[in-house]
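Structure record follows, encoded as structure tokens.
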Amino acid sequence: MTNPVTATTQADGSRTYTYPPTGEEFPSVTTILGATEGKPWLVPWSARIAAEYAVDNLAELAEVVARVAAEYAADNPDALAGVAAAAGRQAAVDLAKSEAARIRDIKRDTGGYVHDIVESLVLWAASPEGRGSDIALPILPEHLAGTDYDDSPVEDVADWMVEGFLNFCADFGPVFQAAEMTVFHPGLRVAGTLDSIADLPGLAIGRAGRFVPGAGVRSCVDVKTGKHLSVTWPEQVGTYRRCPVCLLKTGEMVPTPATECGAVLHLRPEHPRCYRFMLISGADDAAAWNRFRRAAEVFEGRQSARAKPGKVCYPLRADGTIRQPRIADLDGEGYGRALSPLVRALGADAGLEQLAAMDAGDCLKVKGIGGKTLDGIRVMLADHGLHLAGETPPIVKAA
């Protein structure tokens with residue numbers, strides 16, 4: 001089954017799913033894992049890629065510096081020569097820095113292409129008599145054609161990965177029950193798309209955490225194509241298995257099919273027969289589920305937490321009193337768009353006492369202050385025991 005599109009991907013790569021019964025937006029399982037997983041290897045890898053690109057393309061980078069500097073100077077004839085040179089240098093730096101992102105995107109998109117082929121093959125196998133005459137295999141995206149993936153053509157790497165999936169099917173004989181199924185956990189307020197649910201005939205789960213001969217087992221199988229293993233894979237699969245509801249192609253919400261285990265199908269050219277099929281043991285599955293629940297709690301808490309650690313405090317005055325807060329120091333405390341116009345008009349050192357000496361008309365003369373922001377100013381002053389000139393506390397309270 002392929003579900004209706006319910007996911008929205010943001011500019012930063014994070015993803016949310018619309019939960020049909022309420023219309024709420026749930027963060028994806030992978031977004032939570034990405035936000036809470038440490039990747040200490042990523043910075044050194046990016047630095048190495050940028051350095052290698054710079055060394056291998058010195059002439060090209062020098063040309064970029066000269067060309068961009070000349071263009072900047074032509075567009076800005078009054079600019080100093082050093083400014084134009086700096087613009088050219090920055091363009092070359094940005095080009096070298098972007099190489100890591102380019103390689104990452106190629107690998108990500110190749111993995112997505114392989115996932116699309118796997119889904120089509122699963123649907124083909126599940127079609128009546130396995131014919132699938134109306135199911136077309138995806139075509140390699142144009143931007144991937146002719147590019148390299150770890151020094152091999154993308155076309156070859158993708159073929160090897162697809163071959164790995166076909167070899168897995170030939171070896172294990174899976175009977176697929178679902179593919180690309182969107183699942184929801186309303187309690188945790190998370191969602192995701194599991195790759196497949198498959199029955200594996202003739203197998204059972206042994207005490208050592210491997211398969212043994214048996215009557216068959218139903219597994220939640222996640223397909224991975226990246227080179228590096230991740231500690232978050234069991235957390236991802238374990239969460240998908242425990243999402244209580246799923247979305248059918250018809251738009252109907254139904255209980256998610258129960259599975260007995262989670263597993264990862266790792267498709268890589270370097271593996272024998274181009275795949276490794278890894279069963280997640282019951283103990284590891286339970287531990288991973290507990291880790292994810294804690295990660296979800298941390299993620300949700302940080303989403304609502306403010307970056308400002310606390311309220312700005314001031315020393316005692318000579319007379320033993322403490323000044324009211326500066327307007328600029330109230331940032332991040334929920335007073336919205338009123339602060340910036342007031343700071344621009346009154347100065348960075350202006351305090352609430354200075355604002356309280358103004359009346360409503362004075363406030364409305366400030367550029368950027370309107371009726372709604374004026375109400376916000378009243379609330380801000382009232383929170384600190386103050387009010388606008390000419391107004392009384394009861395009026396402030398009503399506002």
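General remarks:
- Accessible surface, 1.4 Å probe, highest first, among residues S196, S46: S46, S196
- Taking Cα atoms only, the orientation of helix 233-242 departs from the longest principal axis of the chain by about 90 degrees.
- Which label in (1) 1.32; (2) 1.03; (3) 1.11 gives the computed Rg/Rh (Cα atoms, Kirkwood Rh): (3)
- For K107, a cut-off of 20 angstrom between C-alpha atoms picks up these lysines, skipping any fewer than 8 places away in its own chain: K39, K97, K224, K227.
- Considered as an equivalent ellipsoid built on the Cα gyration tensor, region 289-375 has semi-axes of 34, 20, 9 Å, the largest given first.
- Taking the C-alpha atoms only, the angle from helix 58-75 to the longest principal axis of the chain is near 40 degrees.
- Residue-level accessible surface for D12, protein heavy atoms, 1.4 Å, Å²: 130
- The residues packed around H115, meaning those with a beta-carbon under 9 Å from its beta-carbon, carry a net charge of -4 if Lys and Arg are +1 and Asp and Glu are -1.
- Shape category assigned to region 156-227 from the gyration tensor of Cα positions, a/c cut at 1.5: oblate
- Rounded to the nearest 10 Å², the accessible area of M181 at probe 1.4 Å: 10
- Surface composition of the chain: carbon and sulfur atoms hold 56% of the protein heavy-atom accessible area at a 1.4 Å probe.
- Length released on extending from D199 to A360, taking residue separation times 0.36 nm less the Cα-Cα span: 50.9 nm
- Segment A170-S14, length gained on full extension (0.36 nm per residue, minus Cα span): 52.6 nm
- Convex hull of region 63-111 built on C-alpha atoms - directionally averaged projected area, nm²: 3.8
- Zero-based 5 Å bins, Cα pair distances in region 355-394, whole percents: 6, 26, 38, 22, 7, 1
- The slack between D94 and D331, meaning 0.36 nm per residue of separation minus the straight C-alpha distance, is 82.1 nm.
- Look at where the Cα atoms of region 343-376 and of region 92-122 average out, and the two centres are 50 Å apart.
- Longest site-free stretch - the chain; sites: trypsin sites (Lys or Arg not before Pro), DSSP loop, at most 16 other Cβ within 10 Å: 1-130
The values are calculated or read from the model by the stated rules, or taken from the named source; none is laboratory data. This is a predicted model, so every value here is computed, not measured. Every residue, glycine as well, gets a Cβ built from its backbone with ideal geometry; the counts of neighbours run over all protein chains shown. Please note that ligands, DNA and RNA were not included when accessible areas were found on the heavy atoms of the full protein model with its side chains. Shrake-Rupley method; radii C 1.70, N 1.55, O 1.52, S 1.80 Å.
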